[in-house]
Amino acid sequence: MAPPAPAHPVPPPSAGGTVASSPFAPPPPSRDHTQDLPDEILTLVFASLTPAERNACSLTCARWKEVDAATRHRLSLDARAMLGHAAPALFARFTAVTKLALRAARGSGADSLSDGGAVAVAAALPSARLSRLKLRGLRQLSDAGLGHLAAASPSLRKLSVASCTFGPKAFVAVLQSCPLLEDLSVKRLRGLPDTSGAGAAITEEILFPPASALRSVCLKDLYSALSFVPLIASSPNLRSLKILRCSGAWDLPLELIAARAPGLVEIHLEKLQVGDRGLAAISTCTNLEVLFLVKTPECTDEGIISVAQNCHKLRKLHIDGWRTNRIGDRGLMAVARGCPDLQELVLIGVNPTVQSLRMLGEHCRVLERLALCGCETVGDTEIICLAERCAALKKLCIKGCPVSDRGMGALNGGCPSLVKVKLKRCREVTYECVEQLKIVRGATFSISLDIVLEHVVGAPSENGAQGAGQAQVTELTGQMAAMDLPSNAAGAQSFAQANSRMRSVMSLLRRRFGNPPPM
């Protein structure tokens, strides 16, 4: 007996072997309703998409492609040598671009954009609109190439360059061609002369034009950043200065900078050869509101006192003392007396005591954010002092300090404005104390406690906030996730090593939390 025929016949396969569409599939709409959307609505939709999503949408239809091209303000291009040939067509399509990034892959080498390609790109740029330019890894671009790009961007307001090979003379053309430039960031340049030993005197060999519009300068990872000191000094309206991990002696340059740019409001110094003389120069900037001192071991209490006595508008102070014990109570008490508007204080590897913390609580009435990391002298007595005197404190972070439940319990009734507490590497604080704080302070209060384990063998990290031989449970979890089983005999040795690490991790867990209960 033949099987019954199906109620609805199955469509036969097509010539290519695929089954034709089912008769039960919904019919296509009679018309495309997205065509009813005005261009303004599509523009708002595209503005909420990522670049990859916009690229996909631009392939949907000719209208979407036109709307995307006419309203795309950000464009990131792979800056290979052939970009010069494609630039006219690209910028003829994207006429509204205001922010352009040219990035060359790390291994591109000679295939990155050269001076000839930069000339073609400069000729095609929407010069009247371009306000931001970012260059990354253009190792074939010289001073002349950057000059061509700058000349084609007279409205440029922000320039960021990194891992390029041109030198400081290229920025003379930038300042001449871009009078509206407000923000300059220079990182990891490879074409600079070595001036690391020129700390005794600053020679202005490069004559930079006045940069009256420049508001922010960032120098990072430069072995000869002193070449840019004349540029900074030619910016009388400079407000923000960041010098991070740059070689050379900076006391004398900071004196020159402070004398010519006295309106500085924000200064970041990280891993610099700078001492109290440099801080004394900074203290002449009486409008200073933000100061970051990160791993500057030559700075002492005397330098901090100079800043506190003159910079009364200071709102944010970050000090990473690198555990040198050269900044302590004396400097912090001067900050308490001289900076009543202090709102944020971060101390890493600094050892304050009740004496300075009491003064900070009494004089800095608007202190809202406080972080104490790797402070060996901050214990229960210090936390109780903060709880009694810091009425405006909203956020408190404690890492690697010898505090216990006794000190944290004082927060049950102290710091009435406190809404968030973060605890890390505080081994004497228990979860019972944390839960009690949550109950007492209510639903608007947030507190986190990170559990850490002790390594059998460990060394202190570079960060002063990290204790010797300690690691987070999350790091151990990452190690366990990375322990893949071998798929063949060739991986037997790595499997044995992973198995050994796993046993070590489990041993640490049992030592910290005890053996699991029997099933």
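In the range 46-58 there is no residue that is over 24 Å from T165 (Cβ atoms), at pLDDT 85 or above, over 30 Å from the mean Cα position of the chain (by Cα) and open to solvent by 60 Å² or more (accessible area, probe 1.4 Å). What are the residues in the range 90-110 that are open to solvent by 50 Å² or more (accessible area, probe 1.4 Å) and within 20 Å of F46 (Cα to Cα), if any? Within the range 90-110, A92, R93, T95, K99 qualify. The set of residues in the range 132-145 that are surrounded by fewer than 20 Cβ atoms within 10 Å (Cβ to Cβ) and under 24 Å from the mean Cα position of the chain (by Cα) comprises R132, K134. Whenever a residue of the range 291-319 is among the acidic types (D, E), its partners that are part of a strand (DSSP E or B), lying with C-beta atoms within less than 9 angstrom and at least six residues away or across chains, give the pairs E298/Q273.
The set of residues in the range 61-93 being touching a residue at least 12 places away in the same chain (Cβ under 8 Å) and either on the phi > 0 side of the Ramachandran plot or among the small types (G, A, S) (or both) consists of A69, A70, S76, A79, A81, G84, A87, A92. Scanning the range 379-395 for residues that are more than 28 Å from the chain's Cα centre (by Cα) and either crowded, with 18+ Cβ neighbours inside 10 Å or part of a helix (DSSP H, G or I) (or both) yields G379, D380, T381, E382, I383, I384, C385, L386, A387, E388, R389, C390. Among residues of the range 35-60 that are in a loop (DSSP other than H, G, I, E, B), those with a beta-carbon under 8 Å from a residue that is open to solvent by 80 Å² or more (accessible area, probe 1.4 Å) at least six positions away or on a different chain give the pairs L59/K65. Taking the range 320-335 as the range and being surrounded by 23 or more Cβ atoms within 10 Å (Cβ to Cβ) and at pLDDT 95 or above as the test, the residues that pass are D320, I327, G331, L332, V335. The single condition from (1) over 27 Å from the mean Cα position of the chain (by Cα); (2) open to solvent by less than 70 Å² (accessible area, probe 1.4 Å); (3) more than 21 Å from L159 (Cβ to Cβ) that L113 fails is (3). Within the range 186-211, the only residue that satisfies the criterion of being within 28 Å of the chain's Cα centre (by Cα), more than 17 Å from L141 (Cα to Cα) and at pLDDT 85 or above is A211.
Does A87 fit the bill of being crowded, with 18+ Cβ neighbours inside 10 Å and outside any loop (DSSP other than H, G, I, E, B)? The answer is yes for A87. Hey, among the residues in the range 275-301 that are assigned to a helix (DSSP H, G or I) and acidic (D, E), which one's most open to solvent (accessible area, probe 1.4 Å)? The qualifying residue most open to solvent (accessible area, probe 1.4 Å) is D276. Within the range 259-271, the set of residues being open to solvent by 10 Å² or more (accessible area, probe 1.4 Å) and farther than 13 Å from L314 by Cα comprises A259, R260, P262, G263, H268, E270, K271.
Scanning the range 302-325 for residues that are among the β-branched types (V, I, T), in a helix (DSSP H, G or I) and closer than 15 Å to I267 by Cβ yields I304, V307.
Can you tell me how many residues in the range 146-166 are of a type in the set (A, V, I, L, M, F, W, C), open to solvent by 10 Å² or more (accessible area, probe 1.4 Å) and part of a helix (DSSP H, G or I)?
Of the residues in the range 146-166, 1 are of a type in the set (A, V, I, L, M, F, W, C), open to solvent by 10 Å² or more (accessible area, probe 1.4 Å) and part of a helix (DSSP H, G or I).
The values are calculated or read from the model by the stated rules, or taken from the named source; none is laboratory data. From a predicted model like this one, the values you see are computed outputs, not experimental measurements. Every residue, glycine as well, gets a Cβ built from its backbone with ideal geometry; the counts of neighbours run over all protein chains shown. All accessible areas refer to the heavy atoms of the entire protein, side chains included, with ligands and DNA or RNA removed. Shrake-Rupley method; radii C 1.70, N 1.55, O 1.52, S 1.80 Å.
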